[in-house]
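Reviewing the structure listed below.
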Amino acid sequence: MKKILVTGGLGFIGSHTVVELQNEGFEVVIIDDLSNSSIDVLDGIEAITNQKPIFERLDLKNKLDVEQFFQNHNDISGVIHFAASKAVGESVEKPLWYYENNLNTLIYILKEVTRLNASNFIFSSSCTVYGQAEELPITENSPVKLAESPYGNTKQIGEEIIKDTCKVVPHMNAIALRYFNPIGAHSSAKIGELPIGVPQNLVPFITQTAAGLRDCLSVFGDDYPTPDGTCVRDYIHVVDLAKAHVVALQRLIDGKNDSNYETFNLGTGVGSSVLEVIQSFEKVSGLPLNYKIAPRREGDVNSAYAHTEKANTILGWKTQSTLDEAMLSAWNWEKNIRNL
Ligand code: UD1
C-alpha cells in the first residue's frame, strides 16, 4: 500500500481527496494545523471510507517539525500539497502572513520531497494565475497575468518555485493543478465546505442564506460584458476535482508524465453566470433565494472557464457532475450541518 502525504487534508478539497485516495487503496497521512478546518472532518472521512487516515497536527511554518515529520515518514510515495490560506481580501490586508504561510511552507516541504526516493508532488494552483484571459475557454498556454492579490501571487510564485526546483532536481516530478471554482460536497453529506465566519465564496453564501444564517445574497455586479451581465465562472464539483488529484498522482507514480513539471486546468469547460448558479440552486432545493444586485466586487474578472482538452486527453480525466448535482450536494451538506 503506497503512503501519500496530504497537507491540508482536513480542508475542503483536501478532505474529499483523502476519501478518493483511500477508495483507490492508498494509505493516507494528513498534516493539518486546524487553522481553517475542524478535527471532526476526520470522523467524516472515516464514516465514508471505514478507514481512519493517520493524522498529525503540525504547523508547516515550523521547519524543524517538517524535517522531523519526513524523518518519521521516509517511505512516502507522493505528496499532495493543499495547505495554504486562500482568502483573496484577507491576503491584501496581510500580505506578509500570506507569503510566509503559503510560500515558506512550500519551500520547507519541497526540500524534504527532493530527498525522498519517490519525489512525486502535486500542487494546488488556481485559475487566478490567468487573471482576465484574452481568450476563452482558457488553455494552459494562456499567459500568466500580473497577480491581482498577494494570494494570487503566492500561487504564481509557488508554481515558479516548483518549476525551478524541477529544472535542477531531475528525479523530482511535479504537477500543478489549476482549479477553477470548486463547489459542492460528498454525496454522503458527511464532509463538505466549512467556511469560518461570513463566506466569501458564492455557493456557501447561497446555502447559508437559504438556511437562514444570512439575510440576503449580494450579486456583485450585473453590468459585466456577459450574457446576463453577471460574472461567469467554471464551477466544478469538488468530488470530480478530488478524483483528478488521484489520477495526477498515479501518473507520476507510474512515470507516465511527459516532463518533470506539468500543469493542467481542472474545470468543466462550462461557464455559468451568478444568476444561473442561483437558478440552479432554486431548482434543486425548491426554495426561492433572497438576493439583490449590488455593486461590483473589486478584483473580480468578468469571465473565466477552462479549456479542458489537456486534462481530458493527457490525464484521461473529465468531470462527471453537472452544476445542478453540485448545487444539490452543497445544499444537502448545509442542511446536514444545520440539522434542517
Ligand atoms: C477567486 C479565484 C479563485 C480563488 C478564489 C479564492 C478567479 C477567477 N478565481 O474565485 O482562483 O481560489 O477566489 O476565494 O480569480 N459572488 C457574488 N456574491 C457573493 C460572492 C461571490 O456575486 O457573495 C460572485 C463573484 O463576484 C464571482 C462569483 O460569484 O463572480 C464567484 O465568486 P467566488 O466564489 O468568490 O470565487 P472567485 O472570486 O471566482
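For region 300-340, filtered to residues that are hydrophobic (A, V, I, L, M, F, W, C) and outside any helix (DSSP H, G or I), the residue that is surrounded by the most Cβ atoms within 10 Å (Cβ to Cβ) is A306. The sole residue among T7, T49 that is in contact with a strand residue (DSSP E or B) (Cβ under 6 Å, 6 or more places away or on another chain) and among the polar types (S, T, N, Q) is T7.
When V79, V113 are screened for being in contact with a Leu (Cβ under 6 Å, 6 or more places away or on another chain) and crowded, with 22+ Cβ neighbours inside 10 Å, only V79 passes.
List every residue pair whose Cβ atoms lie under 7 Å apart, where the two residues are 6 or more positions apart in sequence or sit on different chains, the first residue falls within region 241-266 and is under 19 Å from K155 (Cα atoms), and the second residue, located anywhere, is in a loop (DSSP other than H, G, I, E, B). Correct list of pairs: A244/W317; N260/P170; T263/E140; F264/E140; N265/E140; N265/H307; N265/T308; L266/F180. Kindly establish whether Y224 is surrounded by fewer than 23 Cβ atoms within 10 Å (Cβ to Cβ), among the aromatic types (F, W, Y) and more than 14 Å from the ligand (Cβ to nearest atom). No: the conditions fail for Y224.
Condition check: surrounded by 20 or more Cβ atoms within 10 Å (Cβ to Cβ), of a type outside the set (S, T, Y), under 18 Å from the mean Cα position of the chain (by Cα) and not in a loop (DSSP other than H, G, I, E, B). Does L241 satisfy that? Yes. Please work out if S149 is surrounded by fewer than 20 Cβ atoms within 10 Å (Cβ to Cβ), away from the ligand (no atom under 15 Å from the Cβ), more than 26 Å from I253 (Cβ to Cβ) and in contact (Cβ under 8 Å) with a residue 40 or more places away in the chain. Against the criterion (surrounded by fewer than 20 Cβ atoms within 10 Å (Cβ to Cβ), away from the ligand (no atom under 15 Å from the Cβ), more than 26 Å from I253 (Cβ to Cβ) and in contact (Cβ under 8 Å) with a residue 40 or more places away in the chain), S149 does not qualify. Against the test of being touching a Gly at 6+ places or on another chain (Cβ under 6 Å) and either without any contact (Cβ under 8 Å) to a residue 60 or more places away in the chain or more than 11 Å from the ligand (Cβ to nearest atom) (or both), the options W317, W333 yield a single qualifying residue, W333. Among the residues making up region 86-103, a single one is near the ligand (Cβ under 10 Å from one of its atoms) and under 17 Å from L60 (Cβ atoms): K86. Do we find a residue being more than 17 Å from the chain's Cα centre (by Cα) and either of a type in the set (F, W, Y) or surrounded by fewer than 22 Cβ atoms within 10 Å (Cβ to Cβ) (or both) anywhere in region 118-127? Looking through region 118-127, at least one residue is more than 17 Å from the chain's Cα centre (by Cα) and either of a type in the set (F, W, Y) or surrounded by fewer than 22 Cβ atoms within 10 Å (Cβ to Cβ) (or both). Selection over region 282-314 of residues that are more than 16 Å from the ligand (Cβ to nearest atom), more than 28 Å from S149 (Cβ to Cβ) and of a type outside the set (D, E) gives a count of 9. Might you check whether a residue that is under 15 Å from the mean Cα position of the chain (by Cα) and part of a helix (DSSP H, G or I) occurs anywhere in region 135-153? Taking every residue of region 135-153 in turn, at least one turns out to be under 15 Å from the mean Cα position of the chain (by Cα) and part of a helix (DSSP H, G or I). In this structure, K167 does not qualify as modelled with pLDDT of 95 or more and either surrounded by 20 or more Cβ atoms within 10 Å (Cβ to Cβ) or closer than 28 Å to V301 by Cβ (or both).
Search region 161-187 for residues being within 24 Å of P137 (Cα to Cα) and of a type in the set (V, I, T), and hand back the single one that is farthest from the ligand (Cβ to nearest atom). Ranking the candidates gives I175 first. Considering every residue within region 207-219, establish whether at least one is within 9 Å of the ligand (Cβ to nearest atom), more than 18 Å from I337 (Cβ to Cβ) and crowded, with 17+ Cβ neighbours inside 10 Å. There is at least one residue in region 207-219 that is within 9 Å of the ligand (Cβ to nearest atom), more than 18 Å from I337 (Cβ to Cβ) and crowded, with 17+ Cβ neighbours inside 10 Å.
Somewhere in region 87-104, is a residue assigned to a loop (DSSP other than H, G, I, E, B), crowded, with 16+ Cβ neighbours inside 10 Å and not basic (K, R)? For region 87-104, residues assigned to a loop (DSSP other than H, G, I, E, B), crowded, with 16+ Cβ neighbours inside 10 Å and not basic (K, R): present.
Can you tell me which residue within region 191-205, out of those that are of a type in the set (A, V, I, L, M) and more than 8 Å from the ligand (Cβ to nearest atom), is modelled with the highest pLDDT? Going through the qualifying residues, I end up with I191. Take the conditions (1) more than 20 Å from V18 (Cβ to Cβ); (2) touching a residue at least 24 places away in the same chain (Cβ under 8 Å); W97 misses just one of them, which is (2). Looking across region 195-217, the residues that are assigned to a loop (DSSP other than H, G, I, E, B) and more than 20 Å from the chain's Cα centre (by Cα) come down to A211, G212, L213, R214, D215, C216. The residues of region 244-277 that are closer than 25 Å to I45 by Cβ and in a helix (DSSP H, G or I), listed by number, are A244, H245, V246, V247, A248, L249, Q250, R251, L252, I253.
The values are calculated or read from the model by the stated rules, or taken from the named source; none is laboratory data. What you are looking at is a predicted structure, and each value in this text was computed from that prediction instead of being measured. Cβ: placed from backbone, ideal geometry, glycine included. Neighbour counts: every protein chain shown.
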